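To start, the structure under review is shown below, and the notes come after it.
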Amino acid sequence: MAIDKAKTFQFGALINAFIGLLAETLDAIDINDYDFSFVGAYSGKDPLTRKWLVKNYDWVTICVAYWSTHELRCVLSREGQIRLYAPGGSPDKIYQIPDAGVMREDALGLGYVNRIRAIGNALYVCGQSRQVYRFEPGVQQALDGNWLDFAGPMRQAPISDPPEGDGEEFDRWLDANDAIDFVDIDGSSENDIYAVGDECWHYHNGRWRQLQLPTDEFINAIKVISASEVFLVGHNGTLLYGNAHAGFTDLSSVDDNQNLTSAEVFEGKLYLASNRGLFVYDPQIKKMEPCLTSLQPELQDTHILEAKDGILWSFGFKDLAYFDGHVWTRVDHPDNPPIR
């Protein structure tokens, strides 16, 4: 019997306008039962000549990224395994963040990691228990470096083993082991970094400090335009604008369960990905409006947004599309049924 090859895209990242990476999981496999995933790569604008490559991993890939400083592709597993590789696979190296993970025998008890991102000339990872790591490149060869803790005293202590039973002692254990989750990290430079999720923290001049935001909603993603212009998006339509020094203003215009998952600025407009489709924020009326793409069917599945070289990409769990400033184009993945 043939195996269903249909895939879900957990994350997407651009290398240039028409070369990208996809963190993929197989729909026929429950990632909670098996440590298995794919990283797909595509190149080319013309669908007739577009190339698709795929590599399988014995881990659950949670994020992909591009480190332009060293022209390296980055693959992150939730257990803290990281692959850094150049075009053609040379150089190519796999690392294990020593403290990260849940199911690994050597895991410290801090939880999963969630995001890998290049900031300035450096590379960072963030995750549960306020984990933040920075890659220190080697002197002779960049990939000879190591992953080091960058959270310092901000990081929470490892989660202790739970007590037996489900009584008051267990409730006290839950309260004492409430892990703070970081799901995104970004900044304008290596001296101006934000980490967000359950809380929002900012790094500057060698120390982290927690920021007080005008909302207690969970923050999903950061979009940094400059040191003074930062957008934060999250649950219940949360849209914040500002910076760590001047504070943040709440621009949210919805009060329901709309979940904003990504933000990108393209041709002067702020595009927002959400569980209800693609939106654009209009600063004149201070409101989010649906972005109509004229695709058939209309683009509803959008999760990650990224613009590069004059092209805006929308990475959905099933739907892939890009915008050149004039026309939206849907991209069919070879392992999934076409969306029509």
Interchain or sequence-distant (5+) residues whose placed amide H lies within less than 5 Å of the amide H of residue 72 are 67
In whole percent, the fraction of accessible protein surface over segment 1-106 that belongs to carbon or sulfur atoms, probe radius 1.4 Å, stands at 52
Rounded to the nearest 500, the 222 nm mean residue ellipticity computed for the chain from DSSP H runs (n ≥ 4, each -39500 (n - 2.57)) alone is -500 deg cm²/dmol
The size of the Cβ-based charge dipole (Lys, Arg +1; Asp, Glu -1) of the chain about the Cα centre, to the nearest 20 debye, is 1420
Per residue, accessible area of segment 23-86 with a 1.4 Å probe, heavy atoms of protein chains only, in Å², comes to 46
Highest GNM mean-square fluctuation among 33, 184, 282, for the chain with Cα springs under 10 Å, belongs to 33
Restricting to Cα pairs under 8 Å and 6 or more apart, the percent relative contact order of segment 29-169 works out to 14
Expressed in angstrom and ordered largest first, the alpha-carbon extents of segment 184-253 along the principal axes are 34, 21, 18
Over the Cα atoms of the chain the radius of gyration and the largest Cα-Cα distance (Dmax), both in Å, equal 20.1, 63
Connecting every pair of Cα atoms under 10 Å apart in the chain and solving the GNM, the largest mean-square fluctuation among 152, 80, 325 falls on 325
As straight-line cross-link partners of residue 223, the qualifying lysines (C-alpha separation under 24 Å, not fewer than 8 residues apart within one chain) are 269, 286, 287, 308, 318
Here the FRET efficiency for residue 207 versus residue 340, based on Cβ atoms and R0 = 56 Å and rounded to 0.05, is 0.60
Rounded to one decimal in nm, the spacing of the 7 Å Cα→Cβ label points at residue 164 and residue 329 is 6.4
For segment 157-263, listing GluC sites (Glu not before Pro) in a DSSP loop whose Cβ sees at most 12 other Cβ atoms within 10 Å gives 164
If amide H atoms are modeled at 1.01 Å from N in the peptide plane, then the residues at a separation of 5 or more from residue 262, or on another chain, having amide H under 5 Å from its own are 273
For segment 255-323, listing GluC sites (Glu not before Pro) in a DSSP loop whose Cβ sees at most 12 other Cβ atoms within 10 Å gives 267
If one builds a Gaussian network model of the chain from Cα atoms under 10 Å apart, the most fluctuating residue listed among 87, 137, 214 is 87
For the chain, averaging the sequence separation of alpha carbon pairs under 8 Å that lie six or more residues apart and dividing by its residue count, the contact order in percent is 10
If N is the residue count of segment 133-222, its Cα Rg over 2.2 N^0.38 Å rounds to 1.40
Rh_Kirkwood(segment 230-340) over Cα pairs, Å, one decimal, evaluates to 14.6
Row for segment 15-132, column shape: gyration tensor on C-alpha, a ≥ b ≥ c, rounded if a/c < 1.5 i.e. under 1.5, prolate if a/b over b/c, else oblate; value oblate
Dividing the mean separation of Cα pairs under 8 Å (6+ apart) by the residue count of segment 185-340 yields a relative contact order in percent of 12
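The values are calculated or read from the model by the stated rules, or taken from the named source; none is laboratory data. Note that this is a predicted model, so its numbers are computed, not measured. Ideal geometry is used to build each Cβ from the backbone, glycine not excepted, and the neighbour counts take in all protein chains shown. To get the accessible areas, we keep the full protein, side chains included, count just its heavy atoms, and leave off ligands, DNA and RNA. Shrake-Rupley method; radii C 1.70, N 1.55, O 1.52, S 1.80 Å.
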